[in-house]
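One structure is given here, and the rest of the page talks about it.
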């Protein structure tokens, strides 16, 4: 089973090496890894994807929680967890053979964007769920992928609206006020 795990860690040198070493020592391959700042400048969030059964992953979670620099661990793949997860990719695709307009069309269909144009290639940025990014890669293969780089997965728990926060009636008007921009 695929597990998306998030560890809130202190911003200290060696934390990434310590955690990845702990996972490697238990024979876990990290399929995806992303580390970045949080709303608190003293903390970073590490989000990684690993594969394994629930029993073994529970042991890894417990080991992570024992590390002094780890503040909190969340297995986003747990029961009842609803998450938003995204990957980001830059991909350089050949435009040889005059197929630039086809590439541009596919880019628009996938809600990606062209971020650089060269004489014989375009560079495209795309973000979304893993399956969307994988489908885009498959769509670009016939054109010739020159280079590609992906971030690791990032994820956050969805907020669950409480019954008292829910509106009793739907909004009456969906009109855009004059002068408003969309």
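None of 93, 50, 35 is assigned by TED's automatic domain parsing to the domain that holds residue 123, under 28 Å from residue 138 (Cα atoms) and touching a strand residue (DSSP E or B) at 6+ places or on another chain (Cβ under 9 Å) except 93.
Out of the residues in the stretch 42-81 that are in a loop (DSSP other than H, G, I, E, B) and closer than 21 Å to residue 151 by Cβ, state the one that is farthest from the chain's Cα centre (by Cα).
Of the stretch 42-81, the ones in a loop (DSSP other than H, G, I, E, B) are 42, 52-53, 67-69, 76-81.
Going one step further and asking which of them are closer than 21 Å to residue 151 by Cβ, we end up with 76-77.
On the way: 76: 12, 77: 14 Å.
Looking at the filtered set, the residue picked out is 77.
The set of residues in the stretch 135-171 being in contact with a strand residue (DSSP E or B) (Cβ under 9 Å, 6 or more places away or on another chain) and at pLDDT below 95 consists of 150, 151, 152, 153, 154, 155, 156, 157, 158. In the set (1) touching a strand residue (DSSP E or B) at 6+ places or on another chain (Cβ under 7 Å); (2) farther than 25 Å from residue 89 by Cβ; (3) modelled with pLDDT under 85, residue 26 fails one condition alone, (1).
Find the residue count for the stretch 85-129, including only residues that are outside any loop (DSSP other than H, G, I, E, B) and closer than 25 Å to residue 45 by Cβ.
Of all residues in the stretch 85-129, those outside any loop (DSSP other than H, G, I, E, B) come to 85-94, 100-109, 113-117, 121-128.
Filter again for closer than 25 Å to residue 45 by Cβ, leaving 85-90, 125-128.
Of the residues in the stretch 85-129, 10 are outside any loop (DSSP other than H, G, I, E, B) and closer than 25 Å to residue 45 by Cβ.
Filter the stretch 130-159 down to residues that are assigned to a loop (DSSP other than H, G, I, E, B), more than 8 Å from residue 87 (Cβ to Cβ) and touching a residue at least 24 places away in the same chain (Cβ under 8 Å) and give me whichever is nearest to the chain's Cα centre (by Cα). Let's see the steps before the verdict.
As a first pass, look at the stretch 130-159 and keep what is assigned to a loop (DSSP other than H, G, I, E, B): 144, 151-153, 158-159.
After this cut, where a residue has to be more than 8 Å from residue 87 (Cβ to Cβ) as well, the list is 144, 158-159.
Subset that is touching a residue at least 24 places away in the same chain (Cβ under 8 Å): 144, 158.
Values: 144: 25, 158: 14 Å.
Restricting to residues being assigned to a loop (DSSP other than H, G, I, E, B), more than 8 Å from residue 87 (Cβ to Cβ) and touching a residue at least 24 places away in the same chain (Cβ under 8 Å), the top hit is 158.
For residue 71, the criteria (1) assigned by TED's automatic domain parsing to the domain that holds residue 41; (2) free of Cβ contacts under 8 Å to residues at least 60 places away in the same chain hold in every case but one, which is (2). Taken over the stretch 114-136, residues that are touching a helix residue (DSSP H, G or I) at 6+ places or on another chain (Cβ under 7 Å) and farther than 21 Å from residue 156 by Cα amount to 3.
One residue stands out in the stretch 82-95 among those that are surrounded by 12 or more Cβ atoms within 10 Å (Cβ to Cβ) and farther than 19 Å from residue 152 by Cβ: the one that is farthest from the chain's Cα centre (by Cα), namely 95.
The values are calculated or read from the model by the stated rules, or taken from the named source; none is laboratory data. These numbers come from a predicted model, not from an experiment. In this analysis, Cβ positions are derived from the backbone assuming ideal geometry, glycine residues included, and neighbour counts consider all displayed protein chains.
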